[in-house]
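Peer 1: What follows is a single structure, and I will ask about it in a moment.
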Amino acid sequence: MANFDLHTLVRKNILALKPYSSARDEFKGEADVYLDANENPYPSGYNRYPDPLQWKVKELLSKQKGIKPEQIFLGNGSDEAIDLLIRVFCEPNQDSVMITEPTYGMYRVCANINAVSIQNVLLTRDYQLDTEGIVKTVMSNTKIIFLCSPNNPTGNLLKVENIFSVLNQFSGLVVVDEAYIDFAGDVSLIKELKNYPNLVILQTFSKAWGLAGLRLGMCFASETIIGLLNKVKYPYNVNIKTQELAIEALVKIEDKNKAVTEILAERKKLIDELHDITFVKKVYPSDANFVLVAMENAPSIYQKLMQQGIIVRDRSAVVLCESSLRITIGTPEENKKLINTLKTL
């Protein structure tokens with residue numbers, strides 16, 4: 001983390017910002033009578049505002065992740081954290097972020113929305129970081145480097161030694177998006193937060209936890225960085241129902257682990273069966289709950305699958321993913337239908 005100084009990275013207006021203080025920010029604990037927030041007093045189950053900082057969820061997460069609750073930000077999907085990081089650290093029409101394509105598209109979208117320019121460095125042909133290219137491309141106004149590991153849409157883990165190299169040589173934030181980390185084994189970089197103050201980790205309840213419909217993302221970082229995100233976020237960004245269902249899932253972690261085990265078994269089976277499809281050119285190694293598959297005339301295969309009611313993702317137009325489909329691991333029945341359909345094409 002070359003010459004890392006967090007306060008020089010933060011936008012000056014954010015440092016000076018006095019955040020909105022909600023009624024539930026000012027009072028913590030339980031009371032007999034709540035007349036502070038102009039709520040409807042008649043119980044409906046949801047007539048009261050939610051905890052603006054989601055402390056019960058964070059306390060459970062902190063035990064599972066081995067960090068302090070104050071090092072956790074919860075948002076409306078990981079996309080909220082991505083957007084807030086850019087808004088906190090990047091001055092519009094002045095600063096820039098770096099992405100390593102092919103990668104998750106929302107890094108670019110959020111940068112564009114916030115009028116922040118983008119430096120783009122391609123991954124290598126085996127979908128690993130070009131660390132030399134990253135270091136050469138970094139500019140004085142580059143505030144954030146976004147890395148996705150396991151990477152979307154390629155499915156592979158980035159080599160940890162390359163991530164460390166970027167962390168050690170870059171004076172800005174390195175955001176490692178671990179949305180698919182549960183499918184890759186015990187390799188999360190959360191344990192490295194204590195060693196790298198410029199490291200930010202993103203995870204989500206959408207994938208392994210099976211709660212995509214709740215839109216709940218996790219961000220882990222230093223207490224100072226998390227404090228800045230909380231300063232800028234909207235007061236009640238995670239609703240009561242989402243918090244309740246997240247707590248329910250966290251206390252039943254064995255259900256998540258069981259689902260992951262089954263998905264991994266299906267991933268291996270699906271990869272083996274894809275190799276037997278005549279027009280499949282390559283099935284890329286995967287550490288995620290999907291596989292990237294290079295096929296002859298992938299766009300045509302995509303259209304034919306769609307006509308049969310099977311929806312996959314055509315990534316043929318994505319750089320380094322020419323003529324490839326991204327296929328999510330489904331249930332045994334869904335995977336069987338996919339293979340049987342491919343065999344008829």
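Taken together, the values in this text are just the output of simple stated rules run on the coordinates, not laboratory data. Quick caveat, the model's predicted, so the values are computed rather than measured. Using ideal geometry, Cβ is built from the backbone for each residue, glycine included, and neighbour counts are taken over all protein chains shown.
Peer 1: Rounded, prolate or oblate: pick one for the chain, where a ≥ b ≥ c are the square roots of the eigenvalues of its C-alpha gyration tensor, a/c under 1.5 means rounded, and failing that, prolate if a/b is larger than b/c, else oblate.
Peer 2: Cα axes put the chain in the oblate bin.
Peer 1: In segment 1-54, which trypsin sites (Lys or Arg not before Pro) are in a loop and have at most 11 other Cβ atoms within 10 Å, using DSSP for the loop call?
Peer 2: Taking segment 1-54 and a limit of 11 other Cβ atoms within 10 Å, the loop trypsin sites (Lys or Arg not before Pro) found are Lys28.
Peer 1: Rounded to the nearest 20 debye, what is the charge dipole size of the chain about its Cα centre when +1 sits on each Lys and Arg Cβ and -1 on each Asp and Glu Cβ?
Peer 2: So the dipole magnitude of the chain works out to roughly 320 debye.
Peer 1: First measure r as the distance between the Cβ atoms of Lys56 and Ala265, then evaluate 1/(1 + (r/R0)^6) with R0 = 51 Å and state the FRET efficiency to the nearest 0.05.
Peer 2: 0.95
Peer 1: Given the -39500 (n - 2.57) contribution per DSSP H run of 4+ residues, what per-residue ellipticity at 222 nm results for the chain, rounded to the nearest 500 deg cm²/dmol?
Peer 2: The per-residue figure over the chain is -11000 deg cm²/dmol.
Peer 1: Still on this structure, please answer the following. Looking only at Ala265, Ala184, Ala288, which one moves most when the chain is put into a Gaussian network model with springs between Cα atoms under 10 Å?
Peer 2: Looking only at Ala265, Ala184, Ala288, the largest GNM fluctuation is found for Ala265.
Peer 1: Name the residue, out of Val293, Val200, Val283, whose mean-square fluctuation peaks in a Gaussian network model built on the chain with Cα pairs under 10 Å.
Peer 2: Val283
Peer 1: Then there is this: Are any of the pairs Lys231/Lys252; Lys191/Lys256; Lys159/Lys207 more than 25 Å apart by Cα-Cα distance, and if so, which?
Peer 2: Lys231/Lys252
Peer 1: Taking 0.36 nm per intervening residue step and subtracting the Cα-Cα distance, what contour gain separates Asn257 from Gln307 on full extension?
Peer 2: Between Asn257 and Gln307, full extension yields 14.6 nm more.
Peer 1: Give me the distance in nm between label points sitting 7 Å out from Cα along the Cα-to-Cβ direction at Glu30 and Asn93, one decimal.
Peer 2: 5.3
Peer 1: Oh, and also: Distance in nm between label sites at Asn40 and Ala115, each 7 Å beyond Cα in the beta-carbon direction?
Peer 2: For the pair Asn40/Ala115, the computed spacing is 4.0 nm.
Peer 1: Would you work out which of Val232, Asn198, Thr328 lies farthest towards the positive end of the dipole of the chain? Charges go on Cβ: Lys and Arg +1, Asp and Glu -1.
Peer 2: Thr328
Peer 1: Measuring from label point to label point, each 7 Å out along Cα→Cβ, what is the Ala2 to Gln64 span in nm?
Peer 2: Between Ala2 and Gln64, the label points sit 3.8 nm apart.
Peer 1: Separate question: With springs connecting C-alpha atoms under 10 Å apart, model the chain as a Gaussian network and identify which of Glu262, Glu223, Glu80 has the largest mean-square fluctuation.
Peer 2: Between Glu262, Glu223, Glu80, it is Glu262 that shows the largest mean-square fluctuation.
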